[in-house]
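The values are calculated or read from the model by the stated rules, or taken from the named source; none is laboratory data. Since the structure is predicted, the reported quantities are computational estimates derived from the model, not experimental observations. Backbone-built Cβ (ideal geometry, glycine too); neighbour counts: all protein chains shown.
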Amino acid sequence: MGAIQRTALALVIIGAINWGLIGFFRFDLVSAIFGGQDAFLSRVIFGLVGISGLACLAQLFKPMEEVEVDSTRHVHKDLNYNTEFGEEPDFTKPKDPKKKKPNVNKHKGNTPKKK
């Protein structure tokens, strides 16, 4: 996010807070600070907030791929936890007693003896 976009976002936030104060308390903070709604500085602030809203409107329609990602975060790609396609055993089904257990002793000389 560039400096202009950050400035525009900050002005939009200021405008939103001012509108919240007007809506809840009938108090216009920008007019109180800069000398009323008809004062030149108040009109400049209101104009900048409006232009900033238009600038932020363009961000709303940007595809997600174009949004800047924090490069300090470590992103691990291609993690495989073996959770898809039935790679983990299904513990919800009861065990089949007829199913033969696999021979885990595959080393020579450790095979179980037949009776």
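For this structure, a couple of remarks:
Table: residues versus (1) polar (S, T, N, Q); (2) in contact (Cβ under 8 Å) with a residue 12 or more places away in the chain.
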| position | (1), (2) |
| --- | --- |
| 1 | no, yes |
| 8 | no, yes |
| 13 | no, no |
| 21 | no, no |
| 30 | no, yes |
| 34 | no, no |
| 38 | no, no |
| 42 | yes, yes |
| 48 | no, yes |
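- If you check 28, 38 for being exposed (fewer than 13 other Cβ atoms within 10 Å of the Cβ) and acidic (Asp, Glu), only one passes: 38.
- Matching residues in the range 2-38 - criterion: being among the charged types (D, E, K, R) and either in contact with a Phe, Trp or Tyr (Cβ under 8 Å, 6 or more places away or on another chain) or more than 25 Å from residue 62 (Cα to Cα) (or both): 26, 28, 38
- Test: residue in the range 42-64 that is in a loop (DSSP other than H, G, I, E, B), among the hydrophobic types (A, V, I, L, M, F, W, C) and at pLDDT below 70: no
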